[in-house]
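The values are calculated or read from the model by the stated rules, or taken from the named source; none is laboratory data. Computed from a predicted model, the values in this text were never measured in an experiment. Note that we place each Cβ from the backbone using ideal geometry, even for glycine, and neighbour counts take in every protein chain shown.
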Amino acid sequence: MVKLYLIAVCIGGVTGLIFHILFNKGTIMLPAKRKKGFFLGFLADILFGSTGAALFVSLFIPESMIGNLRTVIGYCILAGLSSQSFLLSRALSTERERVSSLHNISKQIV
């Protein structure tokens, strides 16, 4: 069972890293300290992907399916990708707030 969790964490992490590279157009954003806190960069995508895959395996994979490794790997990839939607929605809401504040500033100027 521990082997299954290790496989899930590895596959989810690799899925998160690939998603990070695709989302950032071929670049890897390194962790950095910023004014408001610490930016995890590609580590955030790896952590979310591996956590999503591990949680999926622990909650939804029955012990009878453990022998079918191909299906488990497929589910881990899907769980890693779906956990990235949380990061995407957070980035989208941040961008919406930024656009809204810029729109408010432009209204005050005019």
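Looking only at region 32-52, residues that are hydrophobic (A, V, I, L, M, F, W, C), touching a residue at least 24 places away in the same chain (Cβ under 8 Å) and out of contact with any Phe, Trp or Tyr (no Cβ under 7 Å at 6 or more places or on another chain) come to 4 in all.
Considering only region 70-79, I want to know if a residue exists there that is loosely packed, with under 12 Cβ neighbours inside 10 Å, aliphatic (A, V, I, L, M) and either touching a residue at least 60 places away in the same chain (Cβ under 8 Å) or in contact with a strand residue (DSSP E or B) (Cβ under 9 Å, 6 or more places away or on another chain) (or both).
The initial filter retains those residues of region 70-79 that are loosely packed, with under 12 Cβ neighbours inside 10 Å, namely 70.
Imposing the further condition that a residue be aliphatic (A, V, I, L, M) reduces the set to none.
The answer is no, given that none of the residues of region 70-79 is loosely packed, with under 12 Cβ neighbours inside 10 Å, aliphatic (A, V, I, L, M) and either touching a residue at least 60 places away in the same chain (Cβ under 8 Å) or in contact with a strand residue (DSSP E or B) (Cβ under 9 Å, 6 or more places away or on another chain) (or both).
So if I check each of I73, I77, I61, which one is within 14 Å of L4 (Cα to Cα), at pLDDT below 85 and not polar (S, T, N, Q)? Steps first, answer last, please.
Values: I73 fails: at pLDDT below 85; I77 fails: at pLDDT below 85.
Unique residue meeting the criteria: I61.
Output the residues belonging to region 27-65 that are exposed (fewer than 15 other Cβ atoms within 10 Å of the Cβ), touching a strand residue (DSSP E or B) at 6+ places or on another chain (Cβ under 8 Å) and among the small types (G, A, S). Of everything in region 27-65, just one residue is exposed (fewer than 15 other Cβ atoms within 10 Å of the Cβ), touching a strand residue (DSSP E or B) at 6+ places or on another chain (Cβ under 8 Å) and among the small types (G, A, S), namely A32.
Return the residues of region 31-45 that are closer than 19 Å to G12 by Cα and not charged (D, E, K, R); say none if nothing qualifies. Residues satisfying the conditions are L40, G41, F42, L43, A44.
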